[in-house]
1. Is it the case that some residue within segment 136-144 is over 22 Å from the mean Cα position of the chain (by Cα) and away from ligand 2 (no atom under 16 Å from the Cβ)?
2. Tell me the residue from Phe411, Phe368 that is closer than 16 Å to Arg475 by Cβ and among the aromatic types (Phe, Trp, Tyr), please.
3. Within segment 532-549, how many residues are away from ligand 1 (no atom under 16 Å from the Cβ) and touching a strand residue (DSSP E or B) at 6+ places or on another chain (Cβ under 8 Å)?
4. I'd like to check which helices (runs of 4 or more DSSP H) are fully inside segment 448-516 and have at least 3 residues that are touching a residue at least 60 places away in the same chain (Cβ under 8 Å) and over 30 Å from Ala210 (Cβ atoms).
5. If you check Thr290 against the conditions, is it within 16 Å of ligand 1 (Cβ to nearest atom), polar (S, T, N, Q) and either assigned by TED's automatic domain parsing to the domain that holds His111 or out of contact with any Ser or Thr (no Cβ under 6 Å at 6 or more places or on another chain) (or both)?
6. What single numbered condition from (1) farther than 30 Å from Thr58 by Cβ; (2) under 15 Å from the mean Cα position of the chain (by Cα) fails to hold for Met288?
7. I need every pair where a residue in segment 523-534 that is of a type in the set (Ser, Thr, Tyr) has its Cβ under 6 Å from the Cβ of a residue that is in a loop (DSSP other than H, G, I, E, B), sequence separation at least 6 or different chains.
8. Scan segment 268-287 for residues that are within 16 Å of ligand 1 (Cβ to nearest atom) and closer than 24 Å to Asn483 by Cβ and report the count.
Amino acid sequence: MVTQAPFPNRERPDGAAFDAPGMPKFRSRFTEQLPADPEASNNRRQVTGACYSRVQPTRVANPRLIAHSREVAELLGLPAGVYASAEFLEVMSGNRLLRGMDPYATCYGGHQFGNWAGQLGDGRAINLGEIINQQGKRWVLQLKGAGLTPYSRSADGLAVLRSSVREFLCSEAMHHLGVPTTRALSLVTTGEQVMRDMFYDGKSKYEPGAIVCRVAPSFTRFGSFEIFAARGEHTLLKQLADYTIETDFPHIGTPSPSTYVAWFEEICRRTADMIVQWMRVGFVHGVMNTDNMSVLGLTIDYGPYGWLDNFDPDWTPNTTDAHGKRYRFGRQPDIALWNLHKLGNALYPLVKEAEPLQEALSAYSTQFNLGWRAMMAAKLGLSESEQEDDGQLVSDLLDLLAATETDMTIFFRRLADVHLDSIAQSDALHESVMQPLMTAYYTPDRLEDHIGTMLVWLGRYARRIRNAGMPDRVRRKQMNRVNPKYVIRNYLAQLAIDKAEQGDSSMVNELLELSKRPYDEQPAMEHYAKKRPDWARRRAGCSMLSCSS
Ligand code: AMP
Ligand code: MG
C-alpha cells in the first residue's frame with residue numbers, strides 16, 4: 001500500500017521541536033531574510049511574490065538508517081556517534097524537528113531539455129535549516145523525499161530507495177574524487193512503499209521509500225533566478241541575488257551592477273571548473289536542466305546520471321534523453337555554457353547592460369579551455385608547461401579510445417603502468433608494451449587494427465614523456481593522483497540497490513567505504529575495479545536510467 005500521507009502542516013507527533021545534547025544550533029538566514037509565501041496551506045500551486053514556502057516534512061511510518069557519512073557528520077560538528085541515536089533517525093526521516101529548524105521549500109523555475117518549463121521548485125526537497133560549523137562555515141541541511149510541497153506539481157513528493165542510494169553514494173564518491181558537489185549525510189528508508197513507473201511504460205510497481213539528507217552551503221540554482229526574471233519579479237530577483245552574494249560570495253563586495261557582473265563571472269568560472277572535473281572522471285550528469293545547475297558550481301541533483309564505462313562521448317545514461325542526446329558526455333561543456341547564457345539573461349534586469357554580462361560569460365570558455373588542457377595533461381602525467389602538439393596528442397588518444405570499446409577508468413589508470421623508461425627514441429614499439437592496457441578493452445579479440453595505431457600513439461607519448469624527463473616511477477605516482485582506480489560504476493550501484501531492496505545494506509556501506517579512497521589501490525577491493533560485466537551492458541539501472549526516482 002502507498003501510505004500517501006495527507007498534507008502535512010499538522011501537529012508534530014512528538015510535540016514541539018526539541019534540543020538534542022551536543023547538537024549544533026540550527027537557524028535559517030534564508031527564511032529570516034527573504035520573502036516568504038504568505039499562504040500557509042500546503043497545496044500545489046503557483047507561488048508568486050516569494051522565494052520559498054514554509055512546509056513541514058511528512059511523518060513516515062517506520063524509518064531505518066541505511067547509511068550515513070561520518071565525514072559529513074564531522075563537517076557539521078555533530079556529536080560523535082550521533083547516528084546511533086533514535087533522535088538522529090527521527091530528524092533525518094523528517095519525523096521530528098530540532099529547535100531552530102524552520103523547514104521550507106524554495107521556488108525556482110528552469111529550462112528543461114532546452115525549453116522554458118515555468119515554475120518547478122522543491123517538489124520533494126525540504127530544507128531544514130542551517131548550521132554554522134566550528135570553522136565558521138555554513139551548511140544547509142535538506143531532506144529529499146520528505147513529502148509534498150506547494151511545488152510538487154503532479155508528483156508525490158517522495159523518493160525511492162533505488163534513486164536515493166544512487167544519490168547518497170555518488171555525492172560522497174564525487175567529493176572524495178575531488179569533484180565539487182553537494183554532500184549527503186544520511187540515507188534512511190521510510191518503511192513505506194512508493195509507486196513508480198520506472199521506464200514510463202505502464203509497468204508501475206511499488207518500491208521502498210527513502211530519504212536522503214543532503215548538505216551544501218546552498219542549494220540555489222540557475223533556475224532560482226530565472227523564475228523571477230521570467231515573471232518580471234525584479235525586486236525578488238534583486239533580493240535573492242543580494243542575499244546570495246552576501247551569504248555565499250561575500251568576497252565579491254557590496255551588491256551593485258558591477259558586483260552582479262563579477263558574481264556572474266565567478267559562477268561561469270566555477271561551472272567551468274566543475275565540468276572539467278566531470279570530464280576527468282567520466283561522469284555524465286544526464287539531466288543538465290538549468291534547475292539542476294548550482295550557482296556555487298556544485299554537482300547537484302543526482303538523477304539519471306552515469307559513469308562512462310567504455311569511453312563514448314556520445315553516451316547519455318538518461319533514457320528520456322536517448323533520442324536527442326542533448327546531455328551526452330561530450331556535450332556537457334557546451335550545455336553548461338548554454339545554461340550560463342540563460343542565467344546571464346535572467347540577471348540582465350539587475351545590470352541593464354548586455355555587454356558586461358556577455359564578456360563575463362566568455363570567462364567560461366577561457367576557464368574551461370585552460371582547465372581542460374591542464375586536466376588532460378595531468379591525466380597523461382604531463383606537467384602544465386605544455387608543448388605545442390599536446391592538444392593533438394590528447395585528441396588523437398580520445399579518438400582511439402572511442403574507436404574501440406575501451407574502459408576509460410581502467411585505461412588511464414593502467415597507462416601509468418606502461419613501461420616507457422626502456423624505450424629509446426628510435427624504437428618501434430613491440431606489442432608487449434600494451435600488456436598493462438589489455439584489461440581495459442571490452443572486445444580484446446577484435447583489436448588487430450587498433451593495436452598498430454595505439455602503438456604509434458604510445459611511441460609519440462613515450463617521446464613526449466622522455467622530453468619532459470620524467471621517469472616511470474614519478475609519472476605513475478602523479479597519474480595515480482588524478483586517474484581514479486575506483487568509481488561507483490553504474491552496475492555496482494545497481495547491485496548495491498538490489499541487495500538494499502532485499503533489506504541488506506552491506507554493499508551500500510562497502511561502496512561508501514571504497515569511495516573514500518578512490519585513488520588508492522585497496523587490494524582487497526580489486527573486484528570493484530573491474531570493467532562492466534557483459535550482463536550489465538543493457539540492464540536497466542546499469543546502462544539505462546530514467547528520471548523516475
Ligand atoms: P528533476 O528532474 O529530478 O531535477 O526534477 C524536476 C522537478 O520535478 C523539480 O521541481 C522536482 O522537485 C520535481 N520532482 C521530481 N520528482 C518529484 C516527486 N516525486 N515529487 C514531487 N516533485 C518532484
Ligand atoms: Mg532537480
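The values are calculated or read from the model by the stated rules, or taken from the named source; none is laboratory data. Owing to the predicted nature of the structure, the values given are computational and were not obtained by experimental measurement. Cβ placement follows ideal geometry from the backbone for every residue including glycine, while neighbour counts extend to all protein chains displayed.
1. Residues of segment 136-144 that are over 22 Å from the mean Cα position of the chain (by Cα), as a first pass: 136.
Filter once more, keeping what is away from ligand 2 (no atom under 16 Å from the Cβ): 136.
Looking for residues that are over 22 Å from the mean Cα position of the chain (by Cα) and away from ligand 2 (no atom under 16 Å from the Cβ), one finds at least one in segment 136-144, hence yes.
2. Phe411
3. Start the filter on segment 532-549 by keeping residues that are away from ligand 1 (no atom under 16 Å from the Cβ), which leaves 532-544.
Checking which are touching a strand residue (DSSP E or B) at 6+ places or on another chain (Cβ under 8 Å) leaves us with 532, 538, 543.
Here the count works out to 3.
4. 448-467, 472-482
5. Working: within 16 Å of ligand 1 (Cβ to nearest atom): yes; polar (S, T, N, Q): yes; either assigned by TED's automatic domain parsing to the domain that holds His111 or out of contact with any Ser or Thr (no Cβ under 6 Å at 6 or more places or on another chain) (or both): yes.
When the stated conditions are applied, Thr290 passes them.
6. For Met288, the failing item is (1).
7. Tyr528/Tyr486
8. Matching residues across segment 268-287 total 3.
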